[in-house]
1. Take the Cβ-Cβ distance between A:His94 and B:Asp44 as r, set R0 to 45 Å, and report the resulting FRET efficiency rounded to the nearest 0.05.
2. Among the listed pairs A:Lys34/B:Lys287; A:Lys100/B:Lys64; A:Lys100/B:Lys259, which are separated by more than 30 Å between their Cα atoms?
3. Straight distance only, please: which lysines reach the Cα of B:Lys304 with their own Cα at less than 20 Å, same-chain residues fewer than 8 apart left out?
4. Counting only other residues whose beta carbon sits under 11 Å from that of B:Asp309, what net charge do I get with K and R as +1, D and E as -1?
5. With the contact rule set at Cα under 8 Å and sequence spacing of 6 or more, what percent relative contact order holds for chain B?
6. How large is ³J(HN,Hα), in whole Hz, for each residue of the stretch B:225-232 in order, when computed from phi with the Karplus curve 6.51 cos²θ - 1.76 cosθ + 1.60 and θ = phi - 60°, using x for Gly and Pro?
7. Charges at C-beta only: +1 for Lys and Arg, -1 for Asp and Glu. How large is the resulting dipole of chain A about its Cα centre, in Debye rounded to 20?
8. For the stretch A:48-103, which chymotrypsin sites (Phe, Trp or Tyr not before Pro) are in a loop by DSSP, counting at most 15 other Cβ atoms within 10 Å?
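Please treat every number below as a calculation from the coordinates, not as lab data. Please read these numbers as outputs of a predicted model, since none were measured by experiment. Positions of Cβ are backbone-derived with ideal geometry, glycine not excepted, and every protein chain shown enters the neighbour counts.
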Amino acid sequence: MALQPAVTDLESLKERPAVACLLATMPQALVAAKFDRDELTLWIDPIHLIEALNLLRTSSSTTFAVLADLTAVDWFPSEPRFEVVYSLLSYQRHERIRIKVKVSGVDPSIDSVTTLWAGASPFEREVFDLFGIRFQGHPDLRRILMPDDWEGHPLRKDYPVEGYR
Amino acid sequence: MSSIDQFRSVPVVETIDGDRTMVLNMGPQHPSTHGVLRLLLEIDGETVVRVRPDIGFLHTGIEKTCEAKFYQQVIPMTDRIDYLAPMTNNLAYVLAVEKLLGLEIPPRAMWIRLMLNELTRINSHLVWLGTHALDIGAMTVFLYCFREREEILKMFEMVAGQRMMTSYFRVGGISMDLPLGFLDYIKNFANYFPDRIDQYSDLLTNNPIWMGRTKGVALITKEDAIQLMLSGPTARGSGVDWDLRRDMPYAGYDKLEFKVPVETAGDVYARYQVRMGELRESISMVKQAIQNLPDGPVKADAPKIVLPDREKMKTQMESLIHHFKIVTEGFTVPEGEVYQGVESPRGEMGYYVVSDGTAKPYRVHMRSPSFANLNAIGVMCEHNLLADVVAAIGSIDIILGDVDR
């Protein structure tokens with residue numbers, strides 16, 4: 001099981017249902033794609049995030065009706081600094097896909113997906129708590145794991161592992 | 001408003017209706033919350049109007065700590081997330097790292113992993129069944145369940161030297177081969193355990209008090225289950241026919257034969273039946289693993305990743321060098337990212353590991369099933385009686401270590 005090099009060329013990935021579906025309906029949303037270690041990752045333009053996720057969720061060719069996971073990665077000090085990562089799952093086609101959105105490090109914010117999946121609410125609160133990314137339209141954006149009066153966002157790369165003392 | 005819309009708009013602690021309702025604080029030191037869960041219950045007499053979980057009391061920053069450790073040093077952290085299913089967490093993590101490395105493990109290691117992973121599921125379900133029944137008022141079941149759990153913990157101690165925090169799986173295999181006499185012990189256990197499941201079942205399944213406390217209680221529909229991102233037995237009790245072991249096989253589950261119990265009622269009793277069915281399937285899977293267990297090595301042939309045997313270390317210079325390098329510098333993992341989901345006793349346990357090409361993971365995220373399943377508590381408890389809240393908590397089988405990480 002030697003590692004295959006990652007495929008990042010959009011042209012050679014357009015046969016994949018998710019890519020084909022996005023290219024057919026809203027090509028402006030798809031920024032980049034990568035196929036690596038049997039996992040497909042799509043980068044989506046943050047402006048079109050909700051529409052694109054809704055399309056992937058409801059389209060009969062993709063059927064990614066389940067949001068399996070929602071998290072973020074901090075690429076400090078590069079800019080845009082954050083990537084919010086959505087892991088979608090299709091019960092019909094037994095397949096996963098990873099959707100990524102780049103978020104700027106200056107006043108980071110992104111649309112909330114709680115309108116599509118109510119269960120995303122605590123996941124977005126967790127990302128807000130630990131990364132400081134705001135989710136526009138979230139009904140109850142408060143800290144969830146850290147105490148309410150905590151300063152800073154611990155999972156940011158410029159936050160020391162042992163904390164501030 | 002459907003139940004789910006209500007859940008979306010429950011931001012504040014203030015009561016909806018002035019004097020009519022009161023807020024009752026439950027936990028974080030309540031014996032029926034299975035740890036340090038705090039629930040804010042807004043009640044109107046005996047009826048629950050709204051529920052708001054308050055979590056984070058057990059948050060230890062495991063995800064942050066992982067970023068400061070070598071890949072192999074993360075394994076002991078994974079045990080401490082879901083302390084009732086340590087092997088499942090070990091498995092999810094090592095599978096993720098093996099996928100990043102493109103590493104294959106020998107068949108004997110694969111079968112041992114499968115066997116112990118299913119034993120872990122039995123262990124976790126036994127604790128769930130015992131404490132769930134105890135919460136509702138059936139004391140005896142608890143004592144029976146912990147009798148068998150003790151046997152499983154003994155087996156964990158035999159293989160790993162630890163009863164709970166096993167850290168037995170390694171990237172590239174398992175830490176060492178099974179001890180002498182272990183197979184006889186587990187064969188004996190697998191032979192008598194199905195009868196013990198019947199014992200628990202005799203105490204509860206047709207028990208009128210049990211049925212009265214669980215049937216029609218804490219309902220959740222299939223649509224709500226998908227919307228709220230539920231997984232595992234909690235979702236299967238509502239008719240979501242999905243099990244990662246069957247539908248997206250990992251770690252060799254495609255070589256086992258098993259059924260996935262699914263119930264459609266969506267109440268506490270349905271979730272109870274799903275888990276009881278899983279106990280029977282798991283013990284049958286353990287038996288299959290014992291039968292199929294081949295001889296051979298238990299570690300992959302990858303000297304730069306897997307620690308060498310003690311024997312080789314003392315006779316071969318090269319092995320000594322590898323050992324020194326792995327222990328002091330770790331092993332590097334090629335750049336990339338993977339998400340590995342496994343079916344833990346509670347649902348989908350996912351490890352999202354990002355590598356930047358160094359010996360320490362750039363980011364480790366655990367998608368823990370309890371964290372997502374706790375979503376359901378609001379919808380389950382609303383308009384139910386206060387006394388049913390403990391039944392609902394027991395039925396989603398949360399582990400607070402898993403929720404807070």
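1. Efficiency, rounded to the nearest 0.05: 0.50.
2. Among A:Lys34/B:Lys287; A:Lys100/B:Lys64; A:Lys100/B:Lys259, the Cα-Cα distance tops 30 Å for A:Lys34/B:Lys287; A:Lys100/B:Lys259.
3. B:Lys69, B:Lys99, B:Lys312, B:Lys314, B:Lys325, B:Lys360
4. Details: positive: B:Lys299, B:Arg310, B:Lys312, B:Lys314; negative: B:Asp177, B:Glu311.
Counting the neighbours of B:Asp309, the net charge comes to +2.
5. Relative contact order comes out at 26 percent.
6. 4, 6, 4, 8, 6, 6, 8, x
7. Numbers: 18 positive and 24 negative charges, 60 e Å.
Using only the charged Cβ atoms, the result is roughly 300 debye.
8. On the way: sites: A:Phe64, A:Trp75, A:Phe82, A:Tyr86, A:Tyr91; in loops: A:Phe64, A:Trp75, A:Tyr91.
Loop-located and lightly packed - A:Tyr91.
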